[in-house]
Each structure stands twice: as structure tokens, then as C-alpha cells.
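A quick write-up on the structure given underneath.
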Amino acid sequence: MQEWLAANSAPKAFASSLAAVTGAWADLGEPGSSTWDAHIAHYEGSALLVLPYAGRYYLAYLVELLTPSRDEGWRVFVNAENGGANDESRIIGRPEPMSMHFDMRYYASSRAVLDATRTAMTDAEITAADAGLKDLAQLKFHADADAREAAFTLQSLKNASGLALGHHQEGMNIAFHAHRFRRFFQEQCGVAPDDLLRWYTASGKQEPPLTIQAGQGGEALTTGFVPSVATLDGTVTFQTASDDGLTAEGGKVHNPSRDPELIYHEIAHALMWLLHRAPFDSRLDSVPFGRALLEGYANYLARSLAARSDPGAGQWARASYPDAIWRQRWSVAVPAVESSPALPRSTIGLRLLPVPNYYPQVSTAGLAVYDVGMIWTRALWDIRSYLADPAQADLDADAEARIALADRLVMHSYRCVQGWSASFETAAEGLIAAAGIALNQLAALSPARRKEIVKGIQDRFVGRGILAERGIQAIGQVTAGGSTRWLAGADSGLRASADPKLLWNQWQPITAAGNALSGVTDLFVDGALVYIATEQGIFRWDAAAGGQAVPVGNAIAAQTPRCVAVVAGQLVAGTNYTLWRFDGNQQAWGQWKPPGGIELKLAASQIMTATVGGQDFCLVAALDHLRCAKLGGGGAAAPDWKSPTLRNAAGDEIKPGWITSICLVGTMLYVATAYQGVWPVQLSIANGELQATTAGVALPVSPPPPPPPPPPPKDPGMGKVLRLINDGNQKLYAGTTTGLFEINLPAGAWTRVAGSATSPVTVVQSSGGAVAAGTAAGGLWVRQPTASGGTEVATVETDIAV
């Protein structure tokens, strides 16, 4: 007994209470009592409890005694307030025999954790969990030195030590819910058992791929999943519950080993990694959507499973995040409205992408990642709610079956996320494509009804600022053989027409090897040659020769081209990750950087050239900054990329935030931003370097909080600028989140283009007195002059096949 006390460093009060019991036990002459194990049983993290007995209340310990073989046990209450170490009067009541089948319990929901209510596991649940985790994970305790490396199973807990202490209780709860989530992942989300471990077993590994650690200590939050690219294994760590909570950015986190939804969140990461590694292997290099997507998926999956037993709560993991700021931040069901003074973006997280398909935060690390991830969670939850609505009962009369359909579509979309090319738009398109396939398998649905449901899903994404499948993303004009044709690129393909008034299906499709050029992201017209950036790579189409488009070189390292241009006579492209330049001699793409130089990491949205002071430069808009490089003297082959500091006339640095588009008129660069309007920036040369000085704000939109001043009188409700172009003279057109606007330089005011669309305009093109705008909802708007001196307007509606 003394050895046990020393080994467990029992406090004096514990030792006194244990000694009182063992002394009394020995006096009763129980055989072998000196070798029995004695310990204080903990309830809900406390060694002490208040016991009503014989007309009064006692502060008491519950002491358990177990035989070495664990086939017999007793428990007894001991007064903790007074009495000597061997004072038998401290024993309250009579010893109670224990069954050889010990109490194995788990928390059924976040609500149960808050209510301190646990549910007993059945023998069948214990057996099923052990069998279900056997090939997936090794379970370990990580609470104190003598148990640090000890592996466990639920069967071993049940048969080893009676009512489990501290981290043993947490181990039970984690193991139970890890198994429950695996079943959900496979049975509801449609992941085949063989598919889950396919790449792992193909790599030659035989041991379980995951380690799940229970009972990690510390004061700061370190609970999480860490995959290893080198060793191809992953570790999920859960921390011991703390009364004071664990310190985390934004507030305290409680009970990470008890809350089922937090357990589901981390196990979701682990199983998603096993199913599809690419987003995790490049998650730190995915600029900028990658990590936010992973967190958004995990939040949705955790809440979707938990909602089966706790449907009323809109917040995920509310036992771990009970404080008010967390309740607002992690609510999955909130309206898709922008921030307001009453709901500032800094405290509740973002509800939608304020600029369609643009990452909404300058920060791509820390809590901002989770805030942006909640946009994806909420978009998926909107779709789950849409499919669960009784109005969709023709999909399946059972609402649970329709929710399971939503979960399967979510998992299909995750398989479309490919590392550097990760974006909300790509993931949304994957879900929409999966929905189209699933609906086509339901013979009872008419084509019109299938299209209605798919558009309902699309609308939920659009409501969160995620434009997928329906938007015009690129516009151009090409003249060849005496004919001028409009070009329009959408997710469904690239088409050309000399007459924009024709219906979309009457425009000429531009194909490659007989296939549509789907996922068009940008166009660049160089004479009769048209360079087309798509989600699959770069293509070239000769408008003079006609025929089909052909791929330009090899694919760009699994990255999605976002913009394309011809610079210094050579083709260049920008992706979500870096810049690329096409080598015509090698017929191959290579990163556009000095030979042997380090990788240039940026998310390019636009590329153009500028001539300032007789020197040629390449300018790249890259979200939170501008990049520039000299093109003369071999600079195009070995560019020295720099970020010119944007300063005002007083020399103070200006931080414009997210840059969405740039436009050059002479040496005046107009910089469109997501939150601060359009900055006119005068370019000049000093000491051979490009200088950028602001010349006032031409288009103020809502300035950043706090506090927001009244809108300037020049602001006609333009919202956020998405694309800025010059008409070749002294007029700028701005495509914004509220429509198309124009301004005459240098001193005009912004006004809405008469008769133009009022929905978000994502791309603008102007040529020869004509102006065209591509809208987010799927339409192309064109205004062009007529031979009689008037103007005519054409609207073309795009669509997708379902």
C-alpha cells in the first residue's frame, strides 16, 4: 500500500483516506487485502464529492479496492474532513461490492458535456469500437510519465482498472467517438472501406496509419491533427480537460477530450487525409484557400454527425467553445449577409466572401483561417438544409436520407480539392457536378426538376459569394479575316460570336481535341492568336486559321492558371501559387524567377506591362501587394521581383488591402481593391527603381471599420470593385459587386452604366466604343454602337447541362 501511495504521489489527504480504508480492511481479516489495489475514484474531474448520509452532508472521497485479478472489488465512502489515518470512524456507511464489469461511459453530445451527463457503453459498443479502430489507429495515454507510452483499447480499460480515472475516462470518450465518426464517414458519407486506406496500404505500410493520443497536458491549446509527409503517418492529440480552460487565440477552450464535436472535427481531418492526401501535403503552400477549406469541411462534418443527436444547436463544439464570442463565431446557420457595425467582421467571423471567389482576409494564418473556413461550412450547411427541406421530398421521402445525400455530395466535392489549385469555387463545382450525377440516377425526376435542384444548390453557393458554373469569367475580342468576334469564357466553355445578340447555344464553341474548354479563367488576345487560361491548363486558338485550340506545353504542376498575358514577346501565366513563363525552345513551362532563385509565392490575379521613364516593367496584381520586375537587360529571363511600396504624397506608406484588379492609363496606375475603392497611383522612376505614389482616391467605397464614416458623395453604391479596365481613351469601367460603372478622367464622377446589369460583374471588356460585362449569375451584357450612330444592347444567358 505504501508503495502504491509513493508511486502515485498521492496528496496527504488522499493517503490518509486510503490508509483508513486499508487499515479497516485488514482489521476485518479479509484474505489478501494487503495486495489489493486502492485508489480514489474521480467524478467529472473531482476527487471530492458531497455525500448526504444519516441526516447530514459529508465532504467525502470514494475509495475503490480491487483484487489483483480484478475479479472482485469494493468501494466505500471516507470522510475527508477529520480523523486520523487509521480512524475507522471516518468510513461512512458500509462497503459496497462492485461488479467485475466496470462502468464504461461516454458523453453523447456537446449538450451532455455541458450537463455533465454520461451514457454507459454496452458490451456490443465496446467490442465494435475496438474492432472498428484496430486497423485505423493506435490509442495511447499521454498524461503522466508512467503512462506516457501506454497503448490501450476499450476492452483493456474495461477489464483493467474499474472506474477509470481522469485520462482513462477521456480515452474511453475519444475512442468511442472516433469509431462513431469512422462509421459516419463510411456509411453516411459514402467512403468505401477499401478506398479509405487505399494509398496508405499501397505505400507498403502495414501498421495502423494514425496515433490517437489522449490526456496531453499543457496550458495552451495544442489539440489537433498533424500529418507527416515524410513518414506517411498522422497523429491526433487531445488534451486533458481543464477547469480554467486552455489558452487559444480568441479565447479559452474547454473540455477538448470530452466534447464529441471537437473529437469529430480532428478525426475528420485524419480521415480526410487518409482519403485524399493532396490538400494536406501542400496545405501550407496553398495560397490562400487551402487550409480554410480543410477547416470548413471538418466543421461541417462534425456538426452534421452531431446534429443527429443534438439537432437544435447551430454552433459546433459548444461544450469546448461555450463563451459568447465562440457561439457567434462558430454558428453554422447564419444569414449570408455582410458585416455591419452591430456584427463586426472582427468578432463573428465572415459569413460570405465579400468579393466573389476572392479570399476575404489579408491574413492567411491563425484564427483568420478558421473564420474564412466557416464561410465554407455555412455554404455546405445551407445546402444540407435545402436538401432536408420537405420541398425536396421527391428526392427521397426520408429526410435523413436527403441529409445523407448532402453528406455524400460534400465528400465528393472534397475529392476535387487538389492542393495548390484549392479554392471554394473548385470545391463548389465538384459538389455541383456530383449533384448532377446523383440526380440523373433518379429516374422519377424530370430534366426540368433536376435543373431546378442543381440551380437551388448553385444559388446557395452564390449567396455566400462562391460563384460556380454559371458565371462569365473572361471576355475578349479578336479580329481575323476582316471579321471581329466577341469571345466569352465560362465554366461550361469558351464561345465566339460576331453577333452578341445570339443565344448562348448559337455561339461557336471553341474546343480542344473535341472537348469543351471548361473552367475558363482568363483570355489574352495577341493579334489573331487567343491564349486561354483554364482550370486544366493554357491553350492557344488561332482565330485566322479556325479549327481547334491546342494545349500550350505541359500542364503547370497541378496548379490552376488564374491569368495569362504576353510579356516581352513570351507567354506568362499566374496561378494561385506563383508565376510561370513559357519557353518556346523547350516547349515547356517553368517558374518565372531567376535561375537558381527561390520560389516566388503569390496568388496572381492580373498581369500587364508598363513603360515608365523609358524602362519597361511587368506588373502583377497579387492580392495583398503589387509585384514588379524590369524587363530590359535580360530582366524577362531573370526577373528581380520587387514589391514597390505604395506611398502618399507625404511619403507615408499606404496599405490598400486585397488588390482585385489593376489598369494603366499612361503612367497612372489605377489599383482596384476589395475594401478601399480605386487608388490612382502615379508611377515614376527614382534611382532606377519604380516608385508608386497615390494621387488621392478616385472611388471611395465603404472604408474599413472602425468606425465607418458616411459614404463619400462620389460613391453611387458601387460596392466592391472586381475588375477595372480602360477604354483606350480617358474612360474607366469598373465591374463591381453591385453592377457596372464608368468614370471620365481626370475629374469625372462614377455613374452606373445605363441599362447594365445590377448583379455582380466579374469581368469587363471595352473595344471600339463597345463595352461588355460578364456577370456572376451567368449572363453576358454587351452594349455596342450601330451603323446608324445609335447603340444596341444584347444579353446572353449561359447555363449548364444537368
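Just order 386-395, 424-433, 639-648, 315-324 by mean Cβ neighbour count inside 10 Å, highest at the front, would you?
Numbers: 386-395: 14.9, 424-433: 23.9, 639-648: 16.7, 315-324: 21.8.
Packing order, densest peptide first, comes out as 424-433, 315-324, 639-648, 386-395.
Rounded to the nearest 20 debye, the dipole magnitude of the range 464-523 is 120 debye, with +1 charges on Lys and Arg beta carbons, -1 on Asp and Glu beta carbons, and the Cα centre as origin. Between A151 and D583, the FRET efficiency estimated from the beta carbon spacing at R0 = 51 angstrom works out to 0.40. Close amide-amide hydrogen proximity is noted between I685 and Q691, each under 5 Å apart and 5 or more residues distant or on a separate chain (H modeled in the peptide plane; Pro and chain starts excluded). Note on the range 190-340: with neighbouring protein chains present and a 1.4 Å probe, carbon and sulfur make up 50 percent of its accessible heavy-atom surface. Annotation for A650 and A116: the two label points, set 7 Å from Cα along the Cα-Cβ direction, are 5.9 nm apart.
With all protein chains kept in place, the per residue accessible area of the range 192-266 amounts to 43 square angstrom at a probe of 1.4 angstrom.
Counting only lysines at least 8 places from K731 when in the same chain, those with an alpha carbon closer than 17 Å to its own are K714. Scanning residues 5 or more positions from D727 or on other chains, those with amide H under 5 Å from its amide H are Y733, with H placed 1.01 Å from N in the peptide plane.
How do 226-235, 572-581 rank on mean C-beta neighbours within 10 Å, highest first?
Working: 226-235: 13.5, 572-581: 24.8.
Taking the mean over residues of other Cβ atoms within 10 Å, the ranking is 572-581, 226-235.
Carbon and sulfur: what percent of the range 447-584's accessible surface (1.4 Å probe)?
C and S fraction of accessible area: 50 percent.
For the peptides 521-531, 486-496, the ranking by mean Cβ contacts within 10 Å, running from highest to lowest, is 486-496, 521-531. Amide H contacts under 5 Å for L494: I510, L517, restricted to partners 5 or more places along the chain or on a different chain, H placed in the peptide plane at 1.01 Å from N. Spin-label model, A544/A192: points 7 Å from Cα along the beta carbon direction are separated by 5.2 nm.
What the Cβ-Cβ distance of Q570 and A220 gives, at R0 = 45 Å and to the nearest 0.05, is a FRET efficiency of 0.35. Remark: the range 383-397, residue by residue, has Karplus-estimated 3J(HN,Hα) of 5, 4, 5, 4, 6, 6, 4, x, 5, 9, 5, 6, 6, 5, 5 Hz, where x stands for each Gly or Pro and the curve is 6.51 cos²θ - 1.76 cosθ + 1.60 at θ = phi - 60°. How many nm is it between the label spots at L503 and K731, if each spot is 7 Å from the Cα in line with the beta carbon? Simple spin-label model gives 3.2 nm for this pair. Each residue of the range 498-515 was assigned a 3J(HN,Hα) from its phi angle through the Karplus expression (A = 6.51, B = -1.76, C = 1.60, θ = phi - 60°), giving 6, 10, x, 7, 5, 5, 4, 6, 9, 6, 6, x, 9, 10, 10, 6, x, 10 Hz with x at Gly and Pro. Among the listed pairs K601/K630; K451/K601; K455/K655; K140/K205; K205/K593, those whose Cα-Cα separation exceeds 28 Å are K451/K601; K455/K655; K205/K593.
Rounded to whole Å, the principal axis extents of the Cα atoms in the range 563-680 read 46, 31, 24, largest first.
The values are calculated or read from the model by the stated rules, or taken from the named source; none is laboratory data. Computed from a predicted structure; not experimentally measured. Neighbour counts are summed over all protein chains in view; Cβ atoms, including those assigned to glycine, are modelled from backbone coordinates with ideal geometry. Note: areas computed on protein heavy atoms with side chains; ligands, DNA, RNA excluded. Shrake-Rupley method; radii C 1.70, N 1.55, O 1.52, S 1.80 Å.
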